[in-house]
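Asks: Below is a structure I'd like to ask you about.
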Amino acid sequence: MVSPGKCLLTTWTPVALESRQQITHDVIMLTFKLSDQSKPLGLSTCACILARFHEEGAADPVVRPYTPVSTNAMIGKFQLVVKIYPGGKMSQHMKDMPVGDTLEFNHIEKNVKMQYPFGKPNLTMLVGGTGITPMIQALHAILGSPGDATKVTLIFGNKTQKDILCGELLDKWGALAKDRLKVVHVLSDAKDDASWTGAKGFIDRALLDRECPPAAQNYVMVCGPPPMYNALCGPRDQEELTGLLKDMGYTAQQVYKF
């Protein structure tokens, strides 16, 4: 594990795009090549980095946060999983930038949301779409660290089966660590999908009551789109806890907004 402050990108640094891979119909994985090929990115678990580019004719640069899906076991490079939005300036830029071109990245101290080891016996991860990326980082650490006995329930909301990111990886981890990791998929647009036998709809009170009832030793990580935060715990930039988790009896100290 790497403590905060060890990341190679502590100032705005141009990093070259090495490759781009299509993961789903609207998600790509980008591999960026570090200037020092002998070292890992050095990012602490669950921390994010900022990406920046200067849009032609615009006064201010476009800046967006991303959590790498790669770990510090990857030397000389790092990988991002990015959802392409029709009006997303950064995602469109990443989709179109030529291999070999550079994008600026920076990591600042406040980008560390929650540092491993977490020290929590039970974790519930409530995730929507590309919000899975910091959870992948957390699960790499939890499942890959000898002596860590943390039990995790991951509730992952998507629209359709084709939207599930890292689904094969998550299901593989769930099978290999079935006593410690439970993965629950929920699809909002699967009403007419006869091949889908899992949960349908959204992450709601009934599902939460069943999968993560509040208790003193239960802690919750939330990461997803703004409507998900609003419904479950309140806006991510507000410390106050609201929404379904508060209604269930959770406290602000038990809920981490990524």
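Nothing in this text is a laboratory measurement; each read-out follows from the coordinates by a stated rule. Values in this document were obtained by computation on a predicted structure and should not be read as measured data. Here the Cβ is made from the backbone with ideal geometry for all residues, glycine too, and neighbour counts use every protein chain on show.
Asks: Note down the relative contact order for segment 122-257 as a percent, whole number, built from C-alpha pairs under 8 angstrom at least six residues apart. Kindly include the intermediate steps, with their values, before the conclusion.
Replies: On the way: 210 pairs, mean separation 35.6, N = 136.
About 26 percent, as a whole number.
Asks: Could I ask something else about it? Nothing charged except the Cβ atoms of Lys and Arg (+1) and of Asp and Glu (-1): what's the magnitude of the dipole of segment 13-110 about its Cα centre? Round to the nearest 20 debye. Let's see the in-between values first.
Replies: Working: 10 positive and 10 negative charges, 59 e Å.
I would put it at about 280 debye.
Asks: How would you rank T133, T150, going from fewest to most other Cβ atoms within 10 Å of each one's own Cβ? Write out the running numbers ahead of the final one.
Replies: Numbers: T133 25, T150 21.
Fewest to most other Cβ atoms nearby, the residues stand as T150, T133.
Asks: Roughly how big is the chain's charge dipole about its Cα centre, with Cβ charges of +1 (Lys, Arg) and -1 (Asp, Glu), in debye to the nearest 20?
Replies: For this selection, approximately 500 debye.
Asks: Something else: ³J(HN,Hα) across segment 119-124 via Karplus (A = 6.51, B = -1.76, C = 1.60, θ = phi - 60°), whole Hz, x for Gly/Pro?
Replies: x, 10, x, 9, 10, 10
Asks: Also, I was wondering about something else. Can you sort L244, L41 from fewest to most other Cβ atoms within 10 Å of each residue's own Cβ?
Replies: On the way: L244 17, L41 27.
Sorted ascending by nearby Cβ count, the order is L244, L41.
Asks: Continuing with this model, one more query. Using every pair of alpha-carbon atoms in segment 200-258, split the distances into 10 Å bins beginning at 0 and state the percent of pairs per bin, rounded to integers.
Replies: Going out from 0 Å in 10 Å bins, segment 200-258 shows 24, 61, 15, 0 percent.
Asks: Additional query: How big is the Kirkwood radius of segment 122-257, worked out from every pair of different alpha carbons and given in Å to one decimal? The partial results should precede the final answer.
Replies: Numbers: mean 1/r = 0.0658 Å⁻¹.
Across segment 122-257, the inverse of the average 1/r is 15.2 Å.
Asks: Restrict the search to segment 178-258; then list the GluC sites (Glu not before Pro) that DSSP places in a loop and that have at most 13 other Cβ atoms within 10 Å of their Cβ.
Replies: Details: sites: E211, E239, E240; in loops: E239, E240.
When the GluC sites (Glu not before Pro) of segment 178-258 are filtered for loop state and at most 13 Cβ neighbours within 10 Å, E239, E240 remain.
Asks: Let me ask you something else. Provide the three semi-axes, in whole Å and in decreasing order, of the ellipsoid equivalent to segment 1-81 as defined by the square roots of 5 times the Cα gyration tensor eigenvalues.
Replies: Working: eigenvalues 90, 58, 31 Å².
Calculated on Cα positions only, the semi-axes equal 21, 17, 12 Å.
Asks: Only Lys, Arg, Asp and Glu count, each charged at its Cβ (+1, +1, -1, -1), so figure out the dipole size of segment 94-171 about its Cα centre, rounded to 20 debye. Walk me through the intermediate numbers first.
Replies: On the way: 7 positive and 8 negative charges, 73 e Å.
So the dipole magnitude of segment 94-171 works out to roughly 340 debye.
Asks: For segment 171-182, what does the Karplus curve 6.51 cos²θ - 1.76 cosθ + 1.60, with θ = phi - 60°, yield as ³J(HN,Hα) per residue in whole Hz, taken in order and with x for Gly and Pro?
Replies: 5, 5, 4, x, 6, 6, 10, 5, 7, 10, 10, 10
Asks: Could you list which residues have their amide H under 5 Å from that of Y116, counting only those 5 or more apart in sequence or on another chain, with H placed in the peptide plane?
Replies: T45
Asks: Using θ = phi - 60° and the Karplus form 6.51 cos²θ - 1.76 cosθ + 1.60, what ³J(HN,Hα) does each residue of segment 197-214 get, whole Hz, x for Gly and Pro?
Replies: Rounded to whole hertz, the list is 10, x, 5, 10, x, 10, 6, 10, 4, 4, 5, 5, 4, 7, 9, 8, x, x.
Asks: Give me the distance between the Cα centres of segment 36-60 and segment 202-258, rounded to whole Å.
Replies: Their Cα centres are 29 Å away from one another.
Asks: Given the options F105, T133, T11, identify the residue whose Cα lies farthest towards the positive end of the charge dipole of the chain (+1 on Cβ of Lys, Arg; -1 on Cβ of Asp, Glu).
Replies: Checking the options against the dipole of the chain, the answer is T133.
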